[in-house]
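Note sheet for the following structure.
The values are calculated or read from the model by the stated rules, or taken from the named source; none is laboratory data. Because the structure is predicted, anything quoted here is derived from the model rather than measured. Don't worry about glycine lacking a Cβ; one is built from the backbone with ideal geometry, like all the others, and counts go over all protein chains shown. Surface areas here come from the heavy atoms of the whole protein model, side chains and all, with no ligands, DNA or RNA. Shrake-Rupley method; radii C 1.70, N 1.55, O 1.52, S 1.80 Å.
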Amino acid sequence: KAGVTQTPRYLIKTRGQQVTLSCSPISGHRSVSWYQQTPGQGLQFLFEYFSETQRNKGNFPGRFSGRQFSNSRSEMNVSTLELGDSALYLCASSPGTGGFEKLFFGSGTQLSVL
Amino acid sequence: KNEVEQSPQNLTAQEGEFITINCSYSVGISALHWLQQHPGGGIVSLFMLSSGKKKHGRLIATINIQEKHSSLHITASHPRDSAVYICAVYPVNDMRFGAGTRLTVKP
């Protein structure tokens, strides 16, 4: 079974631009969650989607948004990029059968904002 | 004060040693997750706990919900165990992470 796939692997943007990151979960997984990792703040939870609905959301400004499609693939969008948005963005999928489940992480997208 | 505190921050051990990494949290949680992150960024989920103890190979994880504390133990450590170990807790509708413990196991 293929693992969680994130594209692109690396991305360079300038301040003020917007960016869209993509995550394809493991086949059959219905839940996708997104995380930001920086050297200063460590890992932080962005949001979680299940069956195209946002189920949980972390403490990030409205510039960060996401969505999930009917095939469980998910996208994350950051508008009006700031230098502080430079980070590794990770997504994880889980079966989504309910309760607390093991997470399967992708390799991440390294975003650099110049 | 961080809601999730890990100790130690850094740990160096000799191959074969028994290792303990601790995680204390100050919020009410439903479950706790131990993650392993290797150089290059890949994260692997090791354990998900809501009570008691779990064991997988040389790894053992315990949690005491009343004391708000969890430990990750590695028996007979090996250089391939060198990684950052991260504790994550689940308050309602949220997820909070510790800063991680960087483990280096020397041959």
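What's the whole-number percent of alpha carbon pairs in region A:28-73 lying beyond 13 angstrom?
Value for region A:28-73 (Cα pairs over 13 Å): 54 percent.
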Task: Relative contact order, percent, chain A [alpha-carbon distance under 8 Å, six or more residues apart] - done: 36 percent
TODO: Could you give log10 I(q)/I(0) at q = 0.13, 0.23 Å⁻¹ for chain B, computed by the Debye formula over C-alpha point scatterers of equal weight, without solvent?
DONE: -0.43, -1.29
Open item on the list: Output wanted: per-residue J couplings in Hz (rounded whole) for region B:86-93, from phi through Karplus 6.51 cos²θ - 1.76 cosθ + 1.60, θ = phi - 60°, x for Gly and Pro.
Closed with: 10, 9, 10, 10, 10, x, 4, 6
Open item on the list: Residues of region B:84-107 with backbone nitrogen within less than 13 Å of a virtual label 7 Å along the Cα-to-Cβ line of B:Thr12, please, listed as ranges.
Closed with: B:103-107
- [ ] Please provide three numbers in whole Å: the alpha-carbon extents of chain A along the principal axes, with the largest listed first.
- [x] 40, 27, 26
Task: Using θ = phi - 60° and Karplus 6.51 cos²θ - 1.76 cosθ + 1.60, couplings along region B:68-77 (whole Hz; Gly, Pro as x) - done: 6, 8, 9, 10, 10, 10, 10, 8, 6, 4
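For the pairing of chain A with chain B, what total accessible surface becomes buried, with a 1.4 angstrom probe, in square angstrom to the nearest 100? The partial results should precede the final answer.
On the way: alone 6140 and 5850 Å², together 10660 Å².
Chains A and B together bury approximately 1300 Å².
At a threshold of 8 angstrom on Cα-Cα distance, excluding pairs fewer than six apart, so keeping six or more, what relative contact order does region A:14-63 reach in percent?
23 percent
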Task: Unit charges on C-beta of K, R, D, E only; dipole of chain B, Debye - done: 160 debye
TODO: Working with all protein chains in place, sort B:Ile60, B:Ile21 by solvent-accessible area computed with a 1.4 Å probe, largest first.
DONE: B:Ile60, B:Ile21
- [ ] Give the dimensionless ratio obtained when the Cα radius of gyration of the protein assembly as shown is divided by 2.2 N^0.38 Å.
- [x] 1.02
- [ ] Using amide H atoms built 1.01 Å from N in the peptide plane, name the residues 5+ places from A:Gly66, or on other chains, whose amide H lies under 5 Å from its own.
- [x] A:Asn77
TODO: Any lysines with Cα under 28 Å of the B:Lys54 Cα? List them, leaving off those in the same chain fewer than 8 positions away.
DONE: A:Lys1, A:Lys102, B:Lys68, B:Lys106
Open item on the list: Show me the three semi-axes of the equivalent ellipsoid for region A:51-114, from the C-alpha gyration tensor (sqrt of 5 times each eigenvalue), largest first, rounded to whole Å.
Closed with: 24, 14, 11
- [ ] Be a star and scan region A:45-61 for residues whose amide nitrogen sits under 13 Å from the point 7 Å along the Cα-to-Cβ vector of B:Asp94.
- [x] A:45-46, A:57-60
Task: Other-chain or far-sequence residues with amide H under 5 Å of A:Ser86's (modelled H) - done: A:Val113
TODO: Taking the Cα centre of chain A as origin, sum charge times position over the Cβ atoms of Lys and Arg (+1) and Asp and Glu (-1), and report the length of that vector in debye to the nearest 20.
DONE: 120 debye
Task: Net charge dipole size for the protein assembly as shown [Lys, Arg +1 and Asp, Glu -1 on Cβ; Debye, nearest 20] - done: 300 debye
